[in-house]
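Everything below concerns the one structure shown next.
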Amino acid sequence: MRELRYDAVVVGGGAAGMAAALALDSRGKSCAVVDREPSLGGILLQCVHNGFGLIEFDEELTGPEFAERFAARLADSRIATFLGATVLEIAEEGEEKLVFCVSPSLGGLRIRARAVVLAMGCRERNRGNIRIPGTRPAGVYTAGLAQRLVNIEGYVPGKDVVVVGSGDIGLIMARRMSWIGCKVHAAVEILPYPSGLARNIVQCLRDFSIPLYLSHLTTSVYGRDRVEGVEVAPIEDGALQPEKSFRIPCDTVLLSVGLVPENELSKGAGIELNPTTGGPIVDSTLMTSRGGIFACGNVLHVHDLVDYVAEEARRAGLFAADWLEGRRPRKELRVKVGPNLRYVAPGKVDPSRENKLYMRTMIVKNEALFEARLDNAVVKSVKKAHIQPSEMLSLSLGPAELERARPDSMLELSIQ
Amino acid sequence: MKAGSESFDVVVVGAGVCGANIARRLSQYELDVALVEKEADVSFGVSKANSGIVHGGFHHDRKYLKSRLEVQGAMLFDRLRAELDFPFVRCGILVAAMHEDEMRSVEQLYMRGVDNGAIGIEMCSRERMLELEPKLSPDVVGGLHAPGGGIVEPYRFVFSLVESAQKNGVRLMTGWKLARGQWRGDRWELGSEDGRSLRARWVVNAAGLYADEVSRLLGGEDFAVHGRKGEYYLLDRMTKSRPGKVVFPVPTSLSKGMLIVPTVEGTVLLGPTATSVEDKEDFSTTRDQLDTVLNSARNLIPGISESDVITSFAGIRSFIEEDFYIEVSKRAPGLVQVAGIQSPGLTASPAIGEYVKELLKKAGLRLVEKPGYDPFVPKLPRAKDLGPFELDELVARNPAYGEMVCRCERVTEAEIVEAVRRGHRTLDGVKYFTRAQMGRCQGGFCTYKIIKIIMRETGMGYDEVTKRGPGSRVLKGEL
Ligand SMILES: Cc1cc2nc3c(=O)[nH]c(=O)nc-3n(C[C@H](O)[C@H](O)[C@H](O)COP(=O)(O)OP(=O)(O)OC[C@H]3O[C@@H](n4cnc5c(N)ncnc54)[C@H](O)[C@@H]3O)c2cc1C
Ligand SMILES: Cc1cc2nc3c(=O)[nH]c(=O)nc-3n(C[C@H](O)[C@H](O)[C@H](O)COP(=O)(O)OP(=O)(O)OC[C@H]3O[C@@H](n4cnc5c(N)ncnc54)[C@H](O)[C@@H]3O)c2cc1C
């Protein structure tokens, strides 16, 4: 079996992996990116719609265009890329990590490195995860699979569509399916508010007069060989109203019911995961519970904008470079997740420098107050015109806010 | 009917686990045997959706044929595995009593097991139960341990049996639904729904849920096969609640109860429920029933979490009365009935093959051993089971072993191609053969790749690719 050695290996060549590798390269570290697909870009490649890069490039790009800009930079760098190569295992041998991959052209390949950046992205939740009963016919797809079939393979999975859930991929696919001449009959969401971005509700449903049923549970899929429809029932005051259930005939169900970080490799490497995000628990340098293994992008927590992914991944790459140079955070403060927040990533800050934190709220609210308290004293507060769970929030905290932190201080973030 | 149709000594109708075992058993002799199946692939009937238990020989009284065949069948599994390379382990079975008064039923099971000759069966105290299975609820009061019980991947078992039968000369015809049959004095003329015909000296009716229809069609006995549905949940292999042994509750008179099965492939199966159904094609699941499954499972192993659920499905048990009905027909000539094969049909099936062979022999079928009979099917390497160096070597010989198609279950392109080449040309067929699409993403990532491989290998168009045969087309258009 072949063996190679680099300073760092990046697992996954989506937006996160590419950004992390470029950061490592900018610091003069030798680095390899491994991706199982034949080209770099990850999920971006199937997102042929606009809306990427507003922060990163200050213009609106399609997913493939965004990916291409990063891929071009990789091509100009010293970064080695291994495509069509699946990482099967990450092991440790003393100070070194062993990344074992397999590809049709290289066979087994073992890469040795002192740092690893995890950037494996996420996967879609499916019918089983949300336990929709009924029959098991052809015609039930996750929205991302349908997106792949339509945008890359050039096939139409079905003609009469119901979208279950209101995540962004589902909303974007509702529009895409309408454009290619299919009829989208409804989007059905169990929560009282949509789980996708506000702009997608407008541009993908309202502009196409597709009804959105909020507070409705999809109680069953019917049809023997191919989907014939779904049964839906309203939820009123928290209780399902089965007697008010109704059927929506269709031949295709697209599920857009959430994403989960892909952490099978991380688990195999003995990395501790956060049960809320499904991603690794990381310190202020985005390092996991295994020294020298970092995580960023959707494998760490599910992001809604690629620009945030790239930003976070760049930092992960720089932190990995710091680690390679022997630098460790001097002191760290744990971040407590306070009222109305679901999670904060990373869960620690380094008071001696600027820290960028990403988080999600659990509530929908106008005129919300976003606060950071150090030992119960407010050190930062930001007003937000509107917040909702589907839109990730961010906050920067640095020496200005945290200079008085003692080793046992407590930092709490909250939404009021 | 067309003249010149093919002629067989025996036609077995139905390629479930019974038909497959019968056909393979007969393939040992100098006979022309055909196995006909109405679905697009074998094992698409009752035999694909069940608990996959090789039972421990303590559930049924010896007065029943099903009980005797269960015990004989169970003993044949080790040899079959060695010959046929399908996933099977004797992991042992526990019956867990959660109340003192259930212990009386457990004692009865024990006595029955001893009577049936179940090897190593033992009564267990609470401590012994928790030692054997630490994940059990601490509320367990005692129970039964049958170390000989095991688990099998039922469809893989059927696939291997059929492959072996084919290797030894059996003709398999899928998409062949028996619709007509006429006795011509010395042989049957059989016709399929789509107008194909066959001739046969003997017909074996192993049509599962539809054995009643097949019997009627051939002028055999009048009986009704009823359906009783069982719903299941499947848990991800990452679950922390996977027991090491099969865990049964104490059974009731109606069913063996809802179990927790650590499948051979590493996932966990919960279920089945038991509800009578009129419609034998009603494989739908319902929220109520599935909730029952979860609650019952948590009663036995409290750590079971619904967040580990990756899919749900249902199977339908076929039964006539209390027992199997395996006899030479008294009404129709040249017909053997293998009907009402309820649980433990899977366990009993190898013995059913033997039993039917004996019936045919007694009825006058001449059995001459075939000199070239080869009981073995070649072992297929599976990337999932290989270490880094082995995989590296394999890729050097066949690069398609380096292409991971299904990331959740680690199935490579080479394995998918092999499945298609062996005739599994539907998405479900590929799934059951390789496990691709069976893991936690349930095909979200790999379905499009599998569709492309099927098209490439078979030359089928996009509009011919189906989930499990006609009517279940996957794609509806091209851009
Ligand atoms: C349908 C959809 C629509 C979106 N719309 C927008 C939008 O309009 N605007 C916007 O800004 N953002 C949008 N996003 C979000 C943004 O595009 C993603 O969050 C971002 O691209 C994720 O990048 P990533 O690198 O973390 O993950 P991915 O792009 O998923 O990359 C992960 C990579 O890792 C590889 N990999 C995983 N495991 C292994 C392994 N074991 N071995 C080798 N390789 C492996 C995968 O093949 C993949 O290439 C959208 C996302 C989706 C899914
Ligand atoms: C929920 C459940 C759990 C079970 N658990 C266990 C267990 O743990 N252990 C155990 O030992 N047993 C178990 N069983 C029982 C076991 O699964 C069955 O006994 C066994 O699979 C029956 O096999 P079969 O070949 O008789 O039927 P099938 O597998 O149904 O095969 C019959 C075949 O005939 C075909 N057919 C029908 N009509 C025609 C026609 N006209 N022309 C051509 N082909 C036709 C059908 O398509 C089908 O493929 C369980 C059953 C169920 C439903």
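The values are calculated or read from the model by the stated rules, or taken from the named source; none is laboratory data. Remember, it's a predicted structure, so these values are computed and weren't measured experimentally. Counting neighbours? That spans all protein chains shown, and the Cβs are built from the backbone with ideal geometry, glycine included.
Which one is nearest to ligand 2 (Cβ to nearest atom) among residues in the range B:301-349 that are β-branched (Val, Ile, Thr) and part of a loop (DSSP other than H, G, I, E, B)? If you could, list the steps in order and put the result at the bottom.
Narrowing the range B:301-349 to residues β-branched (Val, Ile, Thr): B:301, B:304, B:309-311, B:316, B:320, B:326, B:328, B:336, B:338, B:341, B:347.
If we keep only those that are part of a loop (DSSP other than H, G, I, E, B) too, we end up with B:301, B:304, B:320, B:341.
Numbers: B:Ile301: 18, B:Ile304: 19, B:Ile320: 12, B:Ile341: 4 Å.
It comes out as B:Ile341.
Residue check: is A:Glu3 surrounded by fewer than 17 Cβ atoms within 10 Å (Cβ to Cβ), over 20 Å from the mean Cα position of the chain (by Cα), of a type outside the set (Val, Ile, Thr) and on the phi < 0 side of the Ramachandran plot? Walk me through how you get there before you give the answer.
Numbers: surrounded by fewer than 17 Cβ atoms within 10 Å (Cβ to Cβ): yes; over 20 Å from the mean Cα position of the chain (by Cα): yes; of a type outside the set (Val, Ile, Thr): yes; on the phi < 0 side of the Ramachandran plot: yes.
Judged against the criteria, A:Glu3 is a match.
The requirement of being farther than 27 Å from B:Leu360 by Cβ and not acidic (Asp, Glu) is fulfilled somewhere in the range B:27-46, by at least one residue.
Within the range B:165-210, can you find the residues that are on the phi > 0 side of the Ramachandran plot and either without any contact (Cβ under 8 Å) to a residue 24 or more places away in the chain or not assigned by TED's automatic domain parsing to the domain that holds B:Ala339 (or both)? Walk me through how you get there before you give the answer.
Taking the range B:165-210 and keeping what is on the phi > 0 side of the Ramachandran plot, we get B:169, B:175, B:185, B:195, B:208.
Listed by number, the residues that qualify are B:Gly185, B:Gly195.
Hand me the list of strands (runs of 3 or more DSSP E) wholly inside the range B:135-219 holding 2 or more residues that are within 10 Å of ligand 2 (Cβ to nearest atom) and in contact with a strand residue (DSSP E or B) (Cβ under 7 Å, 6 or more places away or on another chain). Walk me through it before giving the result.
Working: elements: B:142-146, B:150-152, B:171-173, B:178-183, B:188-192, B:197-205.
Correct list: B:150-152, B:178-183, B:188-192.
Say whether the condition of being part of a loop (DSSP other than H, G, I, E, B), over 13 Å from A:Asn340 (Cα atoms) and of a type in the set (D, E, K, R) is met by at least one residue in the range A:359-368. No, the conditions are met nowhere in the range A:359-368. If you check A:Val116 against the conditions, is it under 23 Å from the mean Cα position of the chain (by Cα), under 16 Å from A:Ala32 (Cβ atoms) and more than 14 Å from every other protein chain (Cβ to nearest Cβ)? It is true that A:Val116 is under 23 Å from the mean Cα position of the chain (by Cα), under 16 Å from A:Ala32 (Cβ atoms) and more than 14 Å from every other protein chain (Cβ to nearest Cβ).
Has the range B:92-100 got any residue that is closer than 15 Å to B:Thr347 by Cα, more than 16 Å from ligand 1 (Cβ to nearest atom), away from chain A (no Cβ under 14 Å) and at pLDDT 95 or above? Yes, the range B:92-100 contains a residue that is closer than 15 Å to B:Thr347 by Cα, more than 16 Å from ligand 1 (Cβ to nearest atom), away from chain A (no Cβ under 14 Å) and at pLDDT 95 or above.
Just to verify a result, which residue in the range A:45-54, among those that are assigned to a loop (DSSP other than H, G, I, E, B) and away from chain B (no Cβ under 14 Å), is nearest to ligand 2 (Cβ to nearest atom)? If you could, list the steps in order and put the result at the bottom.
In the first step, residues of the range A:45-54 are kept if they are assigned to a loop (DSSP other than H, G, I, E, B); the result is A:47-49, A:53-54.
Cutting the leftovers down to away from chain B (no Cβ under 14 Å) gives us A:47, A:49, A:53-54.
Values: A:Cys47: 42, A:His49: 44, A:Gly53: 52, A:Leu54: 53 Å.
Going through the qualifying residues, I end up with A:Cys47.
Among A:Ala295, A:Ala313, A:Ala320, which is near ligand 1 (Cβ under 8 Å from one of its atoms) and in the same structural domain as A:Asn274 (by TED's automatic domain parsing)? Give the derivation first.
Values: A:Ala295 fails: near ligand 1 (Cβ under 8 Å from one of its atoms); A:Ala320 fails: near ligand 1 (Cβ under 8 Å from one of its atoms).
Sole residue among the options that is near ligand 1 (Cβ under 8 Å from one of its atoms) and in the same structural domain as A:Asn274 (by TED's automatic domain parsing): A:Ala313.
The set of residues from the range A:166-183 being away from ligand 1 (no atom under 15 Å from the Cβ) and either basic (Lys, Arg) or in contact with a Cys (Cβ under 8 Å, 6 or more places away or on another chain) (or both) comprises just one member, A:Lys183. The number of residues in the range A:140-160 being among the small types (Gly, Ala, Ser) and either surrounded by fewer than 23 Cβ atoms within 10 Å (Cβ to Cβ) or facing chain B (nearest Cβ under 8 Å) (or both) comes to 3. Give the residues of the range B:395-407 that are surrounded by fewer than 24 Cβ atoms within 10 Å (Cβ to Cβ) and under 26 Å from the mean Cα position of the chain (by Cα), sorted by residue number. Result: B:Arg407, single match. When the range B:212-221 is filtered for residues that are buried (at least 23 other Cβ atoms within 10 Å of the Cβ) and touching a Gly at 6+ places or on another chain (Cβ under 7 Å), only B:Leu218 remains. One residue alone among A:Lys365, A:Lys380 is free of Cβ contacts under 8 Å to residues at least 24 places away in the same chain and either exposed (fewer than 14 other Cβ atoms within 10 Å of the Cβ) or over 19 Å from the mean Cα position of the chain (by Cα) (or both), and that residue is A:Lys380. Can A:Val9 be described as in a strand (DSSP E or B), away from ligand 2 (no atom under 16 Å from the Cβ), within 14 Å of another protein chain (Cβ to nearest Cβ) and within 20 Å of A:Glu312 (Cβ to Cβ)? Against the criterion (in a strand (DSSP E or B), away from ligand 2 (no atom under 16 Å from the Cβ), within 14 Å of another protein chain (Cβ to nearest Cβ) and within 20 Å of A:Glu312 (Cβ to Cβ)), A:Val9 does not qualify. The set of residues in the range A:81-100 being within 10 Å of chain B (Cβ to nearest Cβ) and within 18 Å of A:Leu24 (Cβ to Cβ) consists of A:Val87 alone.
Annotation: A:Val163 fulfils all but one of (1) out of contact with any Cys (no Cβ under 8 Å at 6 or more places or on another chain); (2) facing chain B (nearest Cβ under 10 Å); (3) among the hydrophobic types (A, V, I, L, M, F, W, C); the unmet one is (2). Give me the pairs: first residue in the range A:19-44 and more than 14 Å from chain B (Cβ to nearest Cβ) and at positive phi, second residue near ligand 1 (Cβ under 8 Å from one of its atoms) and in a loop (DSSP other than H, G, I, E, B), beta-carbon distance under 9 Å, and six or more apart or on different chains, which are they? Listed pairs, sorted by first residue: A:Gly41/A:Gly13.
Please find, among B:Ile341, B:Ile310, B:Ile352, the residue that is in contact with an Asp or Glu (Cβ under 9 Å, 6 or more places away or on another chain) and buried (at least 22 other Cβ atoms within 10 Å of the Cβ). Being in contact with an Asp or Glu (Cβ under 9 Å, 6 or more places away or on another chain) and buried (at least 22 other Cβ atoms within 10 Å of the Cβ) holds for just one of B:Ile341, B:Ile310, B:Ile352, which is B:Ile310. Condition check for A:Ala320 on (1) closer than 25 Å to A:Gly12 by Cα; (2) exposed (fewer than 14 other Cβ atoms within 10 Å of the Cβ); (3) touching a Phe, Trp or Tyr at 6+ places or on another chain (Cβ under 9 Å): one failure, at (2).
Name the residue, out of A:Ser178, A:Ser209, that is over 25 Å from the mean Cα position of the chain (by Cα), without any contact (Cβ under 8 Å) to a residue 60 or more places away in the chain, in the same structural domain as A:Gly158 (by TED's automatic domain parsing) and within 20 Å of A:Leu145 (Cβ to Cβ). Before the answer, list the steps.
Working: A:Ser209 fails: within 20 Å of A:Leu145 (Cβ to Cβ).
Matching residue, one of A:Ser178, A:Ser209: A:Ser178.
Among the candidates B:Val46, B:Val11, B:Val71, B:Val95, the residue that is in the same structural domain as B:Glu193 (by TED's automatic domain parsing), touching a Phe, Trp or Tyr at 6+ places or on another chain (Cβ under 9 Å), surrounded by 24 or more Cβ atoms within 10 Å (Cβ to Cβ) and β-branched (Val, Ile, Thr) is uniquely B:Val11.
Listed by position, the helices (runs of 4 or more DSSP H) contained in the range A:57-157 that have at least 2 residues being within 30 Å of A:Thr285 (Cα to Cα) and in the same structural domain as A:Gly292 (by TED's automatic domain parsing) are A:63-75. The single condition among (1) touching a Gly at 6+ places or on another chain (Cβ under 8 Å); (2) in contact (Cβ under 8 Å) with a residue 60 or more places away in the chain; (3) within 13 Å of ligand 2 (Cβ to nearest atom) that B:Ile121 does not meet is (3).
The single condition among (1) within 14 Å of chain A (Cβ to nearest Cβ); (2) among the aliphatic types (A, V, I, L, M); (3) in contact with a strand residue (DSSP E or B) (Cβ under 7 Å, 6 or more places away or on another chain) that B:Leu386 does not satisfy is (3).
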